[in-house]
Amino acid sequence: MADQVRNEQERAVERAPDPQAGTGQAEGVPAVNRHEAVVRDMARRAREAQRRLELTTTEERNAALEAIARALEDSTGAILAANREDVAAAEAAGLPRPMIARLRLDEGKLAGVIKGVRAVAALPDPLATEPEGWVRPNGLRIERVRVPLGVIGIIYESRPGVTVDAAVLCLKAGNAVLLKGGKEAARSNAALGEAMSAGLSAAGLPHDLVGVLPPDREAAVALMNARGLVDVLIPRGGAGLIRATVEQSKVPVIETGTGVCHVYVHEAADLAMAREIVLNAKCSNPAVCNAAETLLVDRSVAARFLAEVGPALVEAGVRLRACPEALAHLQAAGVGAPAVEPATEADWEAEYLDLLLAVKVVGGLDEALAHIARYGTMHSEAIVTQDAAAAERFLRTVDAAAVYHNASTRFTDGGEFGFGAEIGISTQKLHARGPMGLAELTTHKYVVRGTGQVR
């Protein structure tokens, strides 16, 4: 099932040549990358523009974001018309339903994107934080100050809203950005990019600060090879896209992760609370990385809880893949095929991104922790329990970017965490982890002031 939700861009990136493989070419990739010169030229212009942006004040960058918001509002008709063309083409091509759901924009979604631009403008400026400083015995004064990463490349899939979210977060933090979306959203991304360029120009800033790359796979390969012109690359999408980018990119990568997220219903759970959490974590938006993909239930409460939550999930349109014990409990509750089927090993590893849920009965906290350690992707994990000691052990033991006690995994989100829009959810442990907001799009440098000291 995970393979069914990976889009054409992800598969194309996986077929791209391995940068470590000399001059050899992968099957299906042209010997000459027709976008290499275009991408490198865009990256050079982005770097020049970023140097200018780095000298702007907080007020000037906020004014630019407001200008972008107004330009998006003025371009609503053109953006939605472009999106309708993308959706129609995706439907005609038979793309999977979850992908089309992520692709679709309407007035409400676009208004939410524009609201997000203004929310980012209202956030504190990460570059304006008070520097940490100290004086050495020799009189040198050392300060650690926040600075932008520089030029950031984003490779992502079918959500057009990412085009705007990524751009405004990068701009607020003083970065230029090169955006490589999927072919399925090419018209939408181009229209959004044109509107943002108009906003930047209206604010007196270079439109080269935001570049929308060609949608072809060669552009992704060129971006991955642009070391020295692009400072960092952030992939957003399915497991194959992220893996291929990490393995092939010459540009340093911040790895955003797939979400095989679990909700574990402990024997001491409030089962009414657990029911609502499971329904929210699976059903509120199944096509996102923080949606639950596996439900773990303690054996002592499995019969009672699955009799309650199983029919509710099926009524919400969820299909279940259950271990033998869970299957027996669900069938006893009147849930039968095709709504529930036996789970296979692949189900415990699957990021469905759809109304599908794997269900497993476990013998207690230890077994739940072992299952999550084996199959989780270090994204978001939740325990539902009234036992404080069990909750604390879960929170301390589970290795994930976000761990929850008595709450839905769906809160792993930059907006929900108070960061404004997000660039992605990082599951790695270096530089950034969890929802990546403004602070994660900066690094630091040391400013050293002396009075003639020599070593």
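General remarks:
- Between 0 and 90°, nearest 10: helix 76-92 axis offset from the chain longest Cα axis: 50 degrees
- Local electrostatic count, Glu130, Cβ distance below 15 Å [Lys/Arg +1, Asp/Glu -1]: 0
- Overall form of the range 317-455 per C-alpha gyration tensor (a/c, 1.5; a/b vs b/c): prolate
- Per-residue ³J(HN,Hα) for the range 98-111, Karplus 6.51 cos²θ - 1.76 cosθ + 1.60, θ = phi - 60°, Hz, x for Gly and Pro: x, 5, 5, 4, 6, 6, 6, 10, 9, 4, x, 5, 5, 4
- At q = 0.11, 0.13 Å⁻¹, base-10 log of I(q)/I(0) for the chain (Debye sum, equal scatterers on each alpha carbon): -0.91, -1.16
- Dividing the summed helix terms, -39500 (n - 2.57) for each DSSP H run of n ≥ 4, by the number of residues in the chain produces a 222 nm estimate of -13000 deg cm²/dmol to the nearest 500.
- Exposure proxy shown here: for Leu295, Leu271, the number of other Cβ atoms within 10 Å sets the order, fewest to most, as Leu271, Leu295.
- Amide hydrogen neighbours beyond the local backbone of Val253, cut-off 5 Å, H modeled: Leu233
- Distance from the range 283-348 to the range 158-191 (C-alpha centre basis), Å: 36 Å
- Given 13 as the ceiling on other Cβ atoms within 10 Å, longest exposed-site-free region of the chain for GluC sites (Glu not before Pro) in DSSP loops: 28-415
- Phi to ³J(HN,Hα) by Karplus 6.51 cos²θ - 1.76 cosθ + 1.60 over the range 201-211, Hz, x for Gly, Pro: 4, 5, 8, x, 10, x, 5, 5, 5, 10, x
- Of Lys250/Lys282; Lys109/Lys360; Lys172/Lys282; Lys180/Lys429; Lys180/Lys360, pairs whose Cα-Cα distance is over 30 Å: Lys250/Lys282; Lys109/Lys360; Lys172/Lys282; Lys180/Lys360
- With Cα atoms, 0 to 90° folded angle of helix 58-74 axis to the chain main axis: 60 degrees
- Each DSSP beta bridge with both residues in the chain is either parallel or antiparallel, and the antiparallel ones are about 25%.
Where a number appears in this text, it was derived from the coordinates with a stated rule and is not lab data. Given the structure is predicted, the values throughout are model-derived calculations rather than measurements. Reconstructed Cβ throughout: ideal geometry from the backbone, glycine too, with neighbour counts over all protein chains shown.
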